[in-house]
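J.: This is the structure I want to talk about, given as structure tokens.
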Amino acid sequence: QGNLLVYVYNNRQLNYLLPLVNRLNRPILLLCESCVDEEVEVNDNVTAIEMPFTDSNLPELQRYYVSFHAVLEALQPEGMLVLEGCHYQEQILAIVAQKLGITDIGLQQGWPSFMHTMFRRFSYSYYLTWGNELNGHWQKYNPDTRFISTGYLYEVQRKCGKAVTFFLQSPRFLSDDHYFKQMVSLIEETAERYPNKEIGVREH
């Protein structure tokens, strides 16, 4: 009771959140999906448990709702934190938390190329962002959430160089073949126009 519950959806989220979690001087409970590696180095105030499910016969969305409700009701955390906030599991958790009167917080991890439906109508009480200039964009699609600028959470090494990096998403999920080909054309045109710059392409 009174802990901060941090929901971890996959190992990528875990790796991003661990430096923050280990800096917080308070009891933390990591609620991890089964795919998450729980054998990680954490401070003594951090406990990791695997997400328990109550009834595997239920449809998946209902199974998450019932299971999250049971977990939050049993643990009674002071608040809960999710990263990104665009996964349906995180949004179900936020709905359950609000129903039980638990403060629910989302934490910005990236910036969507466009505000698709999973980034709209958040039910989080608070969403911590990288800066004030982003808050207006978030608020436009999420009027019921309070956006608070915290800055980027980790140290950034400033390096002046002549490189341009593109983050390229494969033609599935949000993008399609047309979008993918447009991005490749933009990369090629940039490389031709600026031959003295190093061009990097990374997976989004």
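The values are calculated or read from the model by the stated rules, or taken from the named source; none is laboratory data. All of these numbers come straight from a predicted model, not from anything done at the bench. A quick note on method: Cβ atoms are made from the backbone with ideal geometry, for glycine too, and the neighbour counts reach across all protein chains shown. All accessible areas refer to the heavy atoms of the entire protein, side chains included, with ligands and DNA or RNA removed. Shrake-Rupley method; radii C 1.70, N 1.55, O 1.52, S 1.80 Å.
J.: I need the full set of residues from segment 1-26 which are touching a residue at least 24 places away in the same chain (Cβ under 8 Å) and part of a helix (DSSP H, G or I), in order please.
T.: ASN11, GLN13, LEU14, TYR16, LEU17, LEU18, PRO19, LEU20, VAL21, ASN22
J.: On to the next question. Only residues that are open to solvent by 100 Å² or more (accessible area, probe 1.4 Å) and in contact (Cβ under 8 Å) with a residue 24 or more places away in the chain: list them for segment 180-204, please.
T.: TYR194, ASN196, GLU198, ARG202, GLU203, HIS204
J.: Using beta carbons and a limit of 6 Å, which pairs, at least six apart or on different chains, have the first residue in segment 113-129 and at negative phi and the second one β-branched (Val, Ile, Thr) and outside any strand (DSSP E or B)?
T.: What qualifies is PHE122/THR145; SER123/ILE95; TYR124/THR145; TYR127/THR145; LEU128/THR150.
J.: Can you pull out every residue in segment 61-97 that is free of Cβ contacts under 8 Å to residues at least 60 places away in the same chain, open to solvent by less than 20 Å² (accessible area, probe 1.4 Å), touching a strand residue (DSSP E or B) at 6+ places or on another chain (Cβ under 9 Å) and not hydrophobic (A, V, I, L, M, F, W, C)?
T.: GLY85
J.: Among VAL36, VAL21, VAL46, VAL40, which is the only one that is buried (at least 18 other Cβ atoms within 10 Å of the Cβ), more than 16 Å from the chain's Cα centre (by Cα) and modelled with pLDDT under 95?
T.: VAL46
J.: Residue by residue through segment 49-60, note down the ones that are open to solvent by 60 Å² or more (accessible area, probe 1.4 Å) and among the β-branched types (Val, Ile, Thr).
T.: Result: THR54, single match.
J.: Right, something else. Can you run down the residue pairs with Cβ atoms below 7 Å, 6 or more apart or on separate chains, where the first is in segment 29-42 and acidic (Asp, Glu) and the partner is open to solvent by 50 Å² or more (accessible area, probe 1.4 Å)?
T.: Close Cβ pairs satisfying both conditions: GLU33/TYR9; ASP37/ASN11; GLU38/GLU50.
J.: Would you please name the residue that is modelled with the highest pLDDT, looking only at residues in segment 133-149 that are farther than 20 Å from GLN98 by Cα and surrounded by fewer than 13 Cβ atoms within 10 Å (Cβ to Cβ)?
T.: Only one residue fits best here, namely LYS140.
J.: Could you check, for segment 31-46, whether at least one of its residues is under 18 Å from GLY106 (Cα atoms) and either of a type in the set (Phe, Trp, Tyr) or outside any loop (DSSP other than H, G, I, E, B) (or both)?
T.: Among the residues of segment 31-46, at least one is under 18 Å from GLY106 (Cα atoms) and either of a type in the set (Phe, Trp, Tyr) or outside any loop (DSSP other than H, G, I, E, B) (or both), which makes the answer yes.
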